[in-house]
Amino acid sequence: MANRNIENITAVIDYVEDHLTEKLDLDRIAEAVHYSKYHLHRMFADTVGLTVHDYIQRRRLTEAAKLLVFSDKPILEIALTAGFESQQAFTACFTSMYKTAPGRYRETERFYPLQLRFHLEGSYAMLEQKQRRQWDIAFAVQEDIPCWMELVRLVVDGFPCLDEAEYVRVLKEKIRTGQALILKDGAMAVGILLFTGETGSIDFMGCHPLYRKMGIPKAFLDKVMGELLKGRELSITTFREGDRADTGHRSAIKGLGFAEAELLVEFGYPTQRFVLHRKEGEDGGK
């Protein structure tokens, strides 16, 4: 994608974020950034992986969740600030996405985001290459943690209940034990993966949205399955079928060849385990 398009999307995001508590629709945003609404819709969805409407709703619910935990504002006031016409409508939408009602969420005193502000910053040199090079997937080191976490924040929509402090603690241990892989474009992380060798579990896999059509997740899986955990089955968990909070992660995992397994509840959130079986004829001993 040309850097010009990235600049255009950044302008859209800046406008949305500056007017997040106001009435926003595609017509108003398109007029503000001087695009046809049809072109804006296609360009935004192709770059961010969400429609403008979904991005706005998820950002508003995230900011509402923050107010529920870190303020004493009445739920009705928070609902109106988030763009809902009634507390009932807000409660229904919040519950469908967070899997708990606003009042109960407030009682937990534990905030986690559905969607953080989308930042597109970098040179994106790999995107300009006409020929795809061999992916240089490497073991992460402690110095990679800042750029790793930047990517985590960008793909947080796929990982409910993310606690950054706890995540960083686990990340440091995974780096120490050689169970954290990273792919970088310059100083920017564009692909990351945490795994547990003992169980064959993929604990976290993220790909920069601009690079999601370049086969990076498959390259990570091939490295893990072909070099690090030869002959082992891999497993990963994601959203259950029909979860409104899923922005396409379940479909992407199935597209990588994972098969559905048992239903789970993780950190109080309903998920499903998927398994990637070793292909018939593969010899894990070679």
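Can Gln57 be described as at pLDDT 95 or above, part of a loop (DSSP other than H, G, I, E, B) and under 24 Å from Val155 (Cα atoms)? No. Against the list (1) touching a residue at least 40 places away in the same chain (Cβ under 8 Å); (2) under 23 Å from Val156 (Cα atoms), the condition Leu67 fails is (1). When the test is whether a residue is in contact with a helix residue (DSSP H, G or I) (Cβ under 9 Å, 6 or more places away or on another chain), acidic (Asp, Glu) and open to solvent by less than 60 Å² (accessible area, probe 1.4 Å), Glu109 does not pass it. Assess whether Glu260 counts as being more than 20 Å from the chain's Cα centre (by Cα) and modelled with pLDDT of 95 or more. Here the answer is yes, as Glu260 does meet what is asked. The residue of the stretch 151-168 that is modelled with the lowest pLDDT, among those that are open to solvent by less than 20 Å² (accessible area, probe 1.4 Å) and not in a helix (DSSP H, G or I), is Cys161.
Can you tell me which residues in the stretch 36-83 are under 18 Å from the mean Cα position of the chain (by Cα), closer than 19 Å to Glu22 by Cα and open to solvent by less than 50 Å² (accessible area, probe 1.4 Å)? Matches in the stretch 36-83: Thr51, Val52, Tyr55, Ile56, Gln57, Arg58, Arg59, Arg60, Leu61, Thr62, Ala65.
The values are calculated or read from the model by the stated rules, or taken from the named source; none is laboratory data. Predicted model only: the values in this text are computed from it and were never measured. Backbone-built Cβ (ideal geometry, glycine too); neighbour counts: all protein chains shown. Side chains are part of the model used for accessible areas, which takes the heavy atoms of the whole protein and leaves out ligands, DNA and RNA. Shrake-Rupley method; radii C 1.70, N 1.55, O 1.52, S 1.80 Å.
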